[in-house]
Every structure is written in C-alpha cells, then in structure tokens.
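One structure below.
The values are calculated or read from the model by the stated rules, or taken from the named source; none is laboratory data. Since we're looking at a predicted model, the values are computed, not measured. Don't worry about glycine lacking a Cβ; one is built from the backbone with ideal geometry, like all the others, and counts go over all protein chains shown. Note: accessible area is taken over every heavy atom of the protein model, side chains too, but ligands, DNA and RNA are not part of it. Shrake-Rupley method; radii C 1.70, N 1.55, O 1.52, S 1.80 Å.
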Amino acid sequence: MIHSQTYLNIADNSGARKIMCIRVLGASNRKCAHIGDVIIAIIKEAVPNMPLEKSEVVRAVVIRTCKEFERDNGMMIRSDDNAAVVIDQEGNPKGTRVFGPVAQELRQLNFTKIVSLAPEVL
C-alpha cells in the first residue's frame, strides 16, 4: 500500500533513484496505491548527468510493494521493497531496462512493455 509521502525505489535506468509519491491516480478519493497503479511523484534522488533531475514531477507505475497481495488462487506475493518504474503520458517506460522481478498482473493492466523488459515475472 503506497500512501502519499511514501518513498519508493526506482527499478529502471531512467536516471532517478528514489521518488516520493504525492498523488494516487484514479478516483478522486483514493488513499493508497497497489501493484499496477499509476502515481504522481517527485524525484528525491537522481543520478547526475541524466535526463531526469531532482525535484522533477513524474508519473510512475508501482511494480513491487512490501504489503502482500493475494491472487485468486490463494498465492500471496510480497516484496522486500516498494519499487516503481517511471513512465510517460502514454504509459511507456522512460528507461530501457527494468531491474528485479515484476508481477504478472501488470500484463493485464496493459503495461506489457514493462513486463517484457523485466528479467523475472512472478
């Protein structure tokens, strides 16, 4: 569960390292984001000499959360960190690589480009 003011690691090579969630997109009163939800965030830590800079407002999709979620078959999926991938307005990732595992639920949510770049799909 990603609330407002939550810090997330970035799991791609777009240039950002850490972001802070400022808004969960969707309904007007949504409080928290789960895997596959799009958030608006501020870059808090960035790699030097990259296109994305600190204090820039970006969109990102959540790919891993510490809070477990349950699939329809009863399997629970949990991660060690909260992680996201920076995306553009069309939903395509800004980076060219994705690090770490991603959930297969992203495929049903039309983030197939992120799933194809990931080294492991859970």
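I'd like the accessible area for Met76, computed on protein heavy atoms only with a 1.4 Å probe and all protein chains in place. Round to 10 Å², please.
110 Å²
From the list (1) 13.6, 41; (2) 13.4, 45; (3) 16.5, 52, can you say which value of Rg and Dmax of the Cα atoms in Å was derived from the structure given?
(2)
Counting only the heavy atoms of the protein chains, how much of Ser116 is accessible to a 1.4 Å probe, in Å² to the nearest 10?
Ser116 has an accessible surface of roughly 80 Å² with all protein chains in place.
If you plug each phi of the range 103-117 into the Karplus form 6.51 cos²θ - 1.76 cosθ + 1.60 with θ = phi - 60°, what whole-Hz ³J(HN,Hα) values come out, in order, with x for Gly and Pro?
After applying 6.51 cos²θ - 1.76 cosθ + 1.60, I find 7, 6, 5, 5, 5, 6, 8, 6, 10, 5, 5, 5, 5, 6, 7 Hz.
Just in the range 8-103: which trypsin sites (Lys or Arg not before Pro) are loop by DSSP and have at most 16 other Cβ atoms within 10 Å?
Numbers: sites: Arg17, Lys18, Arg23, Arg30, Lys31, Lys44, Lys54, Arg59, Arg64, Lys67, Arg71, Arg78, Lys94, Arg97; in loops: Arg30, Lys31, Lys54, Lys67, Arg71, Arg78, Lys94, Arg97.
Those that pass, being in a loop and sparsely packed, are Arg30, Lys31, Lys54, Lys67, Arg71, Arg78, Arg97.
Counting DSSP beta bridges in the chain, what percent are antiparallel, to the nearest 5?
For the chain, the DSSP antiparallel bridge percentage is about 85.
Per-residue accessible area for Asp81 at 1.4 Å probe radius, Å² rounded to 10?
In the full protein context, Asp81 sits at about 40 Å².
Quick check on the range 83-122: take the gyration tensor over C-alpha atoms, sort the square-rooted eigenvalues as a ≥ b ≥ c, and tell me if it's rounded (a/c under 1.5), prolate or oblate.
Values: a/c = 1.92, a/b = 1.23, b/c = 1.56.
Here the range 83-122 falls in the oblate category.
Indicate the gyration tensor shape class of the range 56-122 (rounded, prolate or oblate), computed on the Cα atoms with a ≥ b ≥ c the square roots of the eigenvalues: a/c under 1.5 is rounded; otherwise a/b larger than b/c is prolate and the rest oblate. Could you put the intermediate results ahead of the total?
Numbers: a/c = 1.86, a/b = 1.60, b/c = 1.16.
Prolate, because a/c is 1.5 or more and a/b exceeds b/c.
Per residue, how many Å² of accessible area does the range 1-118 show with a 1.4 Å probe? All intermediate terms of the calculation are to be shown ahead of the outcome.
Working: 6570 Å² over 118 residues.
For the range 1-118, the solvent-accessible area averages 56 Å² per residue.
Students often forget the sequence filter, so: which lysines lie under 21 Å Cα-Cα from Lys67 once same-chain residues fewer than 8 apart are removed?
Cα-Cα hits under 21 Å: Lys18, Lys31.
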